[in-house]
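Asks: Before we start, here is the structure in question, set down as structure tokens.
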Amino acid sequence: MAKRGSRRAASANRKTTARKPGKQPLTGWKLWLRRTFLWGAALALLGVAFLGLAVFFAARSLPSYNELKATQNAQTIIVRARDGTEIVELGPSFGKWLSSEEIPQVMKDAMISVEDRRYNSHFGVDPLGLARALYDAAAGDGRISATSTITQQLARNVFLNSNRTLDRKMREAVLALALESKFSKEQILELYLNKVYFGGGAYGIDSASRKFFSHPATNLSTAEAAIIAGLVKAPSRYSPTADVDAAVDRAQVVLRLMKEQGRIPQSASVDPSAVKLKQDRGQNSVRYFTDWVLPQLDILLPETFEPIEVWTTLDVGMQRTAAASIKSNTPGGAQGALVSLDRDGAILAMIGGTDYVETNYNRATDAVRQPGSAWKLFVYLAALEAGYTPEDRVVDAPVTIDDWSPRNSGGSYAGEINVRTAFAYSKNTVAAQLGNEVGFGTVASMARRFGITTPISTFPAMVLGSSETRVIDMTRAFAAVSAGGMSVEPYGVVKVTTADGETLYEHEKARETRLVPDYVAAGITDLLQTAVNTGTGKAAQIGRPVAGKTGTTSSNKDGWFIGFSSGVTTGVWMGRDDAKRVGGLQGGRAPAQAFAAFMRYAVKDRPVEEFNTELKLPEWQLEPDDEYYFGDPDDYYYIDEQGNLIEPGRPQEPREPAFSIEGEQAPPPPPQDLSERQQRPVQNVPPAVSEDFLDRATGGGRRTTPATPPPATRPSPAPQPSRQPAPQQ
């Protein structure tokens, strides 16, 4: 026991002597603080190591600078009118890439002042800014204000999304450090200013400058730079096209920060409110046209993702007038549509509804509706091609065809009238008779020939427009009549170019095909002109020659007017989308009035053109004389009364029959006063056998006189009671 005790004492003495004089052992909280510091330092070092590795690998995986410059998210399309005016810009616009030397210094200063004042001193993440944000949050409402540097914003815009999560913020910081380690400050700022979003689809300062100020970013003034820099915080809120006052107020904040940071003189006088902004053209109705024309680029162009400019046929003034004419004339609760074509098929205006914002459904190109009596265009085209003329007499009287009994709009019948009058006053009974005579299939074929693409019925009621069709197709058909019976192909794209002016596509004139003879086109133009001058389309008169046709379906569900003047063909439709009745809607009223309101503007700068209505009928329609059938004996072979072949220039020689039959007498000799030319004999031509001989040889029954064909007649239907309602006028 003594030995063990002595060992403890010796050990205690050694420990006591090992301590330095005046040093007290760590106990309690001091010991725990020391341990926490040591562990914290170790963890910090470990974190720095991990962060360094993360930044290292992130930097290695970053694209090259040139690859980042070439990266864009979607294609930009600028649509221009026929005069080059920009009418709409679709998709994100990246503008022209500006190098750091091309970017105005005032633009760089404005952006740094408002978004990242210590940009040139931090390493991608701003510790001072983060500390200040944390302090403000602790002293305030607990919300941390935005602390992202320009480098962090670039990392988020290029590689990440906008989710406000801790994981995204950590990855954003790592990528910002990686960017700073791989690229210079000038390169990062150049990438940022060419890629950041400024609202309205504009990415980059050049796109924003062109969108808001109509000039490149290389020409930015101090006030304009302040407006653009102020947009980054909230593009939709501070956009000059959305709220001019908000954009100016935000620009004043940017200018104040630039003065505080010494980037512009304190005495500088800059007035953002004096900046001339690009005019907002109100692109409501234009979108009907662009929605129709832009999908065609998938067929017209090879696959490309570079920005393009589409030069179209649209006339801005006509489009504006068309929108106003439809909106002001369409009955309440109804919709309206309009398509206007130039003589070569170029679309001058297109309206698909009264308001694109309320409904973007394009009724000019997509809706199928019954055309009513406007369909009679094809009925009368078929009749004229079959031999009718505008002066021919027809009978307006009750008629029944296959248990169908059409009736006229007013319920009255005019009796015997000519074709011109029947068309002008849209007589349904006459159209039914003509369709029945030429064949309903023939009428359907004529409609197909003129460009109707929808299904066509061949039941009798089809002559009154029971088959549904599109406004653009009906307008195309009338344009072919205006072109003298030649085919017309509607088109909307003139050419497509890149942003540098390289032509990717250019429209070529479509191959023309003659659809009907010119005399048929002249005849139908005569009828169409009369319909406007004295018939159902009088409301479409504009003080110069107009040819057109009204159309009204049963119960006033659809109203149409389609016509042309001075090379411009326009079709107007009105009705409800649910096909319910519209009170007072008739083709000769609201649609014809909308047509006239538009056409007065559309043709105001064009010369007055008289229509070609002169009928130059083909020979088969002219009244022939005998020589038409038998020819001139001096020029053609012919057969004499005895069946002898007479050659040109060789007269018949009197000959005895080769044989005789009991009771049969030889033919009398020819007259003696024949000319010398006619008296020359014809050699080796035997006489023909008489008809009586053939009758006896075959047992009789041969007719010696050919049957007389029945004379050509026009329809004369018997009165029948009405059994079935049909589309009217």
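The values are calculated or read from the model by the stated rules, or taken from the named source; none is laboratory data. In this text the structure is predicted, and so the values were computed from the model without any measurement. We place every Cβ from the backbone using ideal geometry, glycine too, and count neighbours over all the protein chains shown. Quick note on the areas: whole protein, heavy atoms, side chains included, nothing else; ligands and nucleic acids left out. Shrake-Rupley method; radii C 1.70, N 1.55, O 1.52, S 1.80 Å.
Asks: Filter segment 221-254 down to the residues that are in contact (Cβ under 8 Å) with a residue 60 or more places away in the chain and of a type in the set (A, V, I, L, M, F, W, C) and list them by number.
Replies: Result: A225, A226, I228, A229, V232, V253, V254.
Asks: Quick check, is T503 touching a helix residue (DSSP H, G or I) at 6+ places or on another chain (Cβ under 9 Å) and of a type in the set (V, I, T)?
Replies: Details: touching a helix residue (DSSP H, G or I) at 6+ places or on another chain (Cβ under 9 Å): no; of a type in the set (V, I, T): yes.
No: the conditions fail for T503.
Asks: Then there's this: Name the pairs whose Cβ atoms lie under 8 Å apart, with the first residue in segment 312-336 and under 17 Å from D558 (Cα atoms), the second among the hydroxyl-bearing types (S, T, Y), and 6 or more positions between them or separate chains?
Replies: Filtered contacts from segment 312-336: I326/T354; K327/T354; T330/T354; Q335/T354; Q335/T359; G336/T330; G336/T354.
Asks: Which residue is nearest to the chain's Cα centre (by Cα), if the candidates are limited to segment 437-451 and must be in a loop (DSSP other than H, G, I, E, B) and surrounded by 19 or more Cβ atoms within 10 Å (Cβ to Cβ)?
Replies: Ranking the candidates gives G451 first.
Asks: Here are some conditions: (1) in contact with a Gly (Cβ under 6 Å, 6 or more places away or on another chain); (2) assigned to a loop (DSSP other than H, G, I, E, B). K233 meets all but one. Which one does it not meet?
Replies: With respect to (1) in contact with a Gly (Cβ under 6 Å, 6 or more places away or on another chain); (2) assigned to a loop (DSSP other than H, G, I, E, B), K233 is out only on (1).
Asks: For a quick check of your reading of the model, give me the residue pairs whose first member lies in segment 518-531 and is of a type in the set (D, E), whose second is open to solvent by less than 10 Å² (accessible area, probe 1.4 Å), with beta-carbon atoms closer than 7 Å and at least 6 apart or on different chains.
Replies: D518/G485; D526/P390
Asks: Moving to a separate point now. Are any of the residues in segment 14-23 among the hydroxyl-bearing types (S, T, Y), more than 25 Å from P307 (Cβ to Cβ), open to solvent by 40 Å² or more (accessible area, probe 1.4 Å) and at pLDDT below 70?
Replies: Yes, segment 14-23 contains at least one residue that is among the hydroxyl-bearing types (S, T, Y), more than 25 Å from P307 (Cβ to Cβ), open to solvent by 40 Å² or more (accessible area, probe 1.4 Å) and at pLDDT below 70.
Asks: Sticking with this one: Hey, P240 hits all of (1) part of a loop (DSSP other than H, G, I, E, B); (2) at pLDDT 90 or above; (3) buried (at least 23 other Cβ atoms within 10 Å of the Cβ) but one; which does it fall short on?
Replies: All conditions pass for P240, except number (2).
Asks: Go through segment 434-458 and give me each residue that's touching a strand residue (DSSP E or B) at 6+ places or on another chain (Cβ under 8 Å) and farther than 19 Å from D558 by Cβ.
Replies: Within segment 434-458, L434, N436 qualify.
Asks: Scan segment 452-465 residue by residue and report those that are in contact with a helix residue (DSSP H, G or I) (Cβ under 9 Å, 6 or more places away or on another chain) and either open to solvent by 10 Å² or more (accessible area, probe 1.4 Å) or more than 18 Å from G485 (Cα to Cα) (or both).
Replies: Residues satisfying the conditions are T453, T454, I456, S457, T458, F459, P460, A461, M462, V463, L464, G465.
Asks: Residues in segment 542-563: is at least one of a type in the set (D, E), in contact (Cβ under 8 Å) with a residue 60 or more places away in the chain and surrounded by fewer than 24 Cβ atoms within 10 Å (Cβ to Cβ)? Don't jump to the end; show me each part of the working.
Replies: Kept after step one, since they are of a type in the set (D, E), are these residues of segment 542-563: 558.
In the following step, the residues that additionally are in contact (Cβ under 8 Å) with a residue 60 or more places away in the chain were identified as 558.
Those still in the list that are surrounded by fewer than 24 Cβ atoms within 10 Å (Cβ to Cβ) too: none.
Scanning segment 542-563, I find no residue that is of a type in the set (D, E), in contact (Cβ under 8 Å) with a residue 60 or more places away in the chain and surrounded by fewer than 24 Cβ atoms within 10 Å (Cβ to Cβ), so the answer is no.
Asks: Being open to solvent by 40 Å² or more (accessible area, probe 1.4 Å) and touching a helix residue (DSSP H, G or I) at 6+ places or on another chain (Cβ under 7 Å) is the filter; apply it to segment 183-214 and report the residue that is modelled with the lowest pLDDT.
Replies: Among those that are open to solvent by 40 Å² or more (accessible area, probe 1.4 Å) and touching a helix residue (DSSP H, G or I) at 6+ places or on another chain (Cβ under 7 Å), it is G200.
Asks: Related question: Please work out which residue is surrounded by the fewest Cβ atoms within 10 Å (Cβ to Cβ), limiting yourself to segment 466-486 and to residues that are in contact with a helix residue (DSSP H, G or I) (Cβ under 6 Å, 6 or more places away or on another chain) and assigned to a loop (DSSP other than H, G, I, E, B).
Replies: G484
Asks: Additional query: Tally the residues that are β-branched (V, I, T) and open to solvent by less than 10 Å² (accessible area, probe 1.4 Å), restricting the search to segment 406-436.
Replies: 3
Here's the yes/no breakdown for (1) closer than 25 Å to W311 by Cα; (2) charged (D, E, K, R); (3) without any contact (Cβ under 8 Å) to a residue 24 or more places away in the chain:
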| site | (1), (2), (3) |
| --- | --- |
| S467 | no, no, no |
| S482 | no, no, no |
| M486 | no, no, no |
| V494 | yes, no, no |
| E506 | yes, yes, yes |
| A510 | yes, no, no |
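Asks: Next question, about the same structure. Being of a type in the set (A, V, I, L, M), open to solvent by 30 Å² or more (accessible area, probe 1.4 Å) and at pLDDT 60 or above is the filter here, so list the residues in segment 140-173 that pass it.
Replies: V158, L160, L166, M170
Residues checked against (1) open to solvent by less than 80 Å² (accessible area, probe 1.4 Å); (2) in contact with a Ser or Thr (Cβ under 9 Å, 6 or more places away or on another chain); (3) closer than 18 Å to L193 by Cβ:
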| site | (1), (2), (3) |
| --- | --- |
| K233 | no, no, yes |
| A246 | yes, yes, no |
| D249 | no, no, no |
| E260 | no, yes, no |
| Q266 | no, no, no |
| S273 | yes, no, no |
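Asks: Take the conditions closer than 22 Å to I347 by Cβ and charged (D, E, K, R) and apply them to K616. Does it pass?
Replies: no
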